[in-house]
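Colleague: Structure incoming, see below.
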Amino acid sequence: MTGLKLVWYGDDFTGATDTLATAARAGLRSLLFLGIPTAQQRAASGPLDCLGIAGASRSMAPAAMHAELQAVGRLFAALAPPVLHYKVCSTFDSSPTVGNIGAAIRALKPFVSNPLVAIVGGQPNLGRYCLFSHLFARAGSDGDVHRIDRHPTMRQHPVTPMGEADLRQHLGQQGLAHVAAIAYPAYDDTPPALDARVDQLLQHAPEGLLFDVSRACDLGAIGRQIWRRALQQPLLAVGASSVVQALAAHWADAAGDAGAAGATETRSSTAATRPTALAPASGPVLVLAGSLSPQTALQLRHARSYTPVALDPQALQAEAVGADATGAYGAERAATVAALLRAGKSVLVDTSGTAPASHGDPAALPRTAVADFDPAALASACGAWLNRLLQQHPVKRLGIAGGDTSSHAVLALGAWGLSYLQPICPGVALCRLHSDAPHLDGMEVALKGGQMGPPEYFELLRNGA
């Protein structure tokens, strides 16, 4: 894989596809693998600038994260690109016991030789900003911006509530005792002055160097710092898709400075792509919604083109753990959805109990309140159920809402890769599924984090832009 610039690991599938889209739109040849790729799969992918691995470490305990990331580190060492990107959610939601970012850094750091661990703290195109190390996030697609510990959703996230806005303190709780920081006013300095500031901070051997991001124009300066160091020794970069945005901005700036003769050294051979209008689905669309986010609940209320079908999380989990060995409930739900799809109806399968019922439709059962459950176990059970359904009735376009649900559901399908097709909205891309199973290969898939997308997101997925 000559010319590989970056390998990224996404801590959930939704974020990994956003990074895939970010790289592809920057003109970088990219493919996202749904696990550690085999040599045959890498060969089949052709020349790449960026190679991604979609994972589920965001929902794991530290010990499981360490085991998961060892294989990623070994692949990185074998491929030897300049940058290993550990992709986290743009809200940095994590905790000492679940999705511990410090544990991820400790697992991957032995596979890189560079003393710099670059942590990029914001992603402005998604309404995420880091100012003097404090993280702020927009609520929904067009809501107000809140400090992350006062954010109406993130402060009460069901798995990893954010109680600290200072990312240095937040990461300190996850075992990174010494995180240095570059505040955004430093980007107004000359490049040599910023170089000197970074070099000075690294003399104190911090476990990470956090870069503020106040505006999109900050990204090029951050990308320059990452890349100039990466060309000396391979390094680990941590953050949302803004890591790739920063590198792409720097490469574009460097190409412009170098002129046409030198551009091939800093840019991909593939031209940046212009998004085209999203076409309507060519058949009925299937959506599996496992997110408890208020934004997804709002989108469910706007999904007028779908027949809603309730999926009881308690019943599904009981079958998954063997408490109800008959499997009758999941089989009945799958048969009901398959019949609706065969009738040409788009179907929205909901585990949250928030989708509006369709009056008179037998599939729209009364909703039950979501009781206490293990989110990872429920996501796995949903994935197994989805796989059973698609074996009965494949679809051409599939949407999944929820980070954990997306990760476990796609893993259950047994596919091996995703390539970028086009954007749907900021943070969500339509992708092509790569699978050895003929009924899955080529299926269009959109994986959406709970907070991503406008109110009419599900309507866009079915009817196009």
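Colleague: Among the candidates 81, 96, which residue alone is closer than 22 Å to residue 233 by Cα, at pLDDT 95 or above and in contact with a helix residue (DSSP H, G or I) (Cβ under 9 Å, 6 or more places away or on another chain)?
Modeller: Exactly one of 81, 96 is closer than 22 Å to residue 233 by Cα, at pLDDT 95 or above and in contact with a helix residue (DSSP H, G or I) (Cβ under 9 Å, 6 or more places away or on another chain), namely 81.
Colleague: Quick one: count up the residues across region 288-302 that are open to solvent by less than 10 Å² (accessible area, probe 1.4 Å) and either in a helix (DSSP H, G or I) or farther than 18 Å from residue 12 by Cα (or both).
Modeller: Our first condition is that a residue be open to solvent by less than 10 Å² (accessible area, probe 1.4 Å); within region 288-302, this holds for 288-289, 296, 299-300.
With either in a helix (DSSP H, G or I) or farther than 18 Å from residue 12 by Cα (or both) added as a condition, the list becomes 296, 299-300.
Looking only at that region, the number is 3.
Colleague: So which helices (runs of 4 or more DSSP H) are wholly in region 1-84 and hold at least 3 residues that are out of contact with any strand residue (DSSP E or B) (no Cβ under 8 Å at 6 or more places or on another chain)?
Modeller: Qualifying helices (runs of 4 or more DSSP H): 39-45, 62-79.
Colleague: Continuing with the same structure: May I ask you to say which residue of 143, 163, 99 is within 25 Å of residue 456 (Cβ to Cβ) and either not in a helix (DSSP H, G or I) or not aliphatic (A, V, I, L, M) (or both)?
Modeller: Being within 25 Å of residue 456 (Cβ to Cβ) and either not in a helix (DSSP H, G or I) or not aliphatic (A, V, I, L, M) (or both) holds for just one of 143, 163, 99, which is 143.
Colleague: Give the number of residues within region 158-169 that are buried (at least 18 other Cβ atoms within 10 Å of the Cβ) and not charged (D, E, K, R).
Modeller: 5
Colleague: Name the residues in region 42-57 that are in contact with a Leu (Cβ under 9 Å, 6 or more places away or on another chain) and either open to solvent by 10 Å² or more (accessible area, probe 1.4 Å) or of a type in the set (A, V, I, L, M, F, W, C) (or both), would you?
Modeller: Scanning region 42-57 gives 42, 45, 46, 47, 48, 50, 51, 53, 54, 56.
Colleague: So, of the residues in region 330-367 that are at pLDDT below 55 and more than 19 Å from residue 401 (Cβ to Cβ), which turns out to be least open to solvent (accessible area, probe 1.4 Å)?
Modeller: 361
Colleague: Looking at region 228-250, I want the residues that are free of Cβ contacts under 8 Å to residues at least 12 places away in the same chain and have a partner that is surrounded by 24 or more Cβ atoms within 10 Å (Cβ to Cβ) and in a helix (DSSP H, G or I) with Cβ atoms under 9 Å, at least 6 apart or on another chain. Which pairs are those?
Modeller: none
Colleague: Yes or no: residue 82 touching a Pro at 6+ places or on another chain (Cβ under 7 Å) and within 24 Å of residue 219 (Cα to Cα)?
Modeller: Details: touching a Pro at 6+ places or on another chain (Cβ under 7 Å): yes; within 24 Å of residue 219 (Cα to Cα): yes.
Here the answer is yes, as residue 82 does meet what is asked.
Colleague: Return the only residue of 71, 80 being open to solvent by 10 Å² or more (accessible area, probe 1.4 Å), on the phi > 0 side of the Ramachandran plot and in contact (Cβ under 8 Å) with a residue 24 or more places away in the chain. Please lay out each step first, then the result.
Modeller: Numbers: 71 fails: on the phi > 0 side of the Ramachandran plot.
Result: 80 is the single residue among 71, 80 that is open to solvent by 10 Å² or more (accessible area, probe 1.4 Å), on the phi > 0 side of the Ramachandran plot and in contact (Cβ under 8 Å) with a residue 24 or more places away in the chain.
Colleague: Kindly establish whether residue 306 is within 26 Å of residue 461 (Cβ to Cβ), touching a helix residue (DSSP H, G or I) at 6+ places or on another chain (Cβ under 9 Å) and either modelled with pLDDT of 80 or more or among the aromatic types (Phe, Trp, Tyr) (or both).
Modeller: So residue 306 passes the test.
Colleague: Answer with yes or no whether residue 13 is buried (at least 24 other Cβ atoms within 10 Å of the Cβ) and either in contact with a Leu (Cβ under 8 Å, 6 or more places away or on another chain) or at pLDDT below 95 (or both).
Modeller: Details: buried (at least 24 other Cβ atoms within 10 Å of the Cβ): yes; either in contact with a Leu (Cβ under 8 Å, 6 or more places away or on another chain) or at pLDDT below 95 (or both): yes.
Judged against the criteria, residue 13 is a match.
Colleague: For residue 267, which of the numbered conditions (1) open to solvent by 70 Å² or more (accessible area, probe 1.4 Å); (2) at pLDDT below 95; (3) in a helix (DSSP H, G or I) fails to hold?
Modeller: (3)
Colleague: Could you tell me which residue of region 133-148 is nearest to residue 454 (Cα to Cα), considering only residues that are open to solvent by 40 Å² or more (accessible area, probe 1.4 Å) and at pLDDT 95 or above?
Modeller: Restricting to residues being open to solvent by 40 Å² or more (accessible area, probe 1.4 Å) and at pLDDT 95 or above, the top hit is 145.
The values are calculated or read from the model by the stated rules, or taken from the named source; none is laboratory data. Please read all numbers here as calculations on a predicted model, not as lab measurements. Positions of Cβ are backbone-derived with ideal geometry, glycine not excepted, and every protein chain shown enters the neighbour counts. With ligands, DNA and RNA removed, areas are computed over all heavy atoms of the protein, side chains included. Shrake-Rupley method; radii C 1.70, N 1.55, O 1.52, S 1.80 Å.
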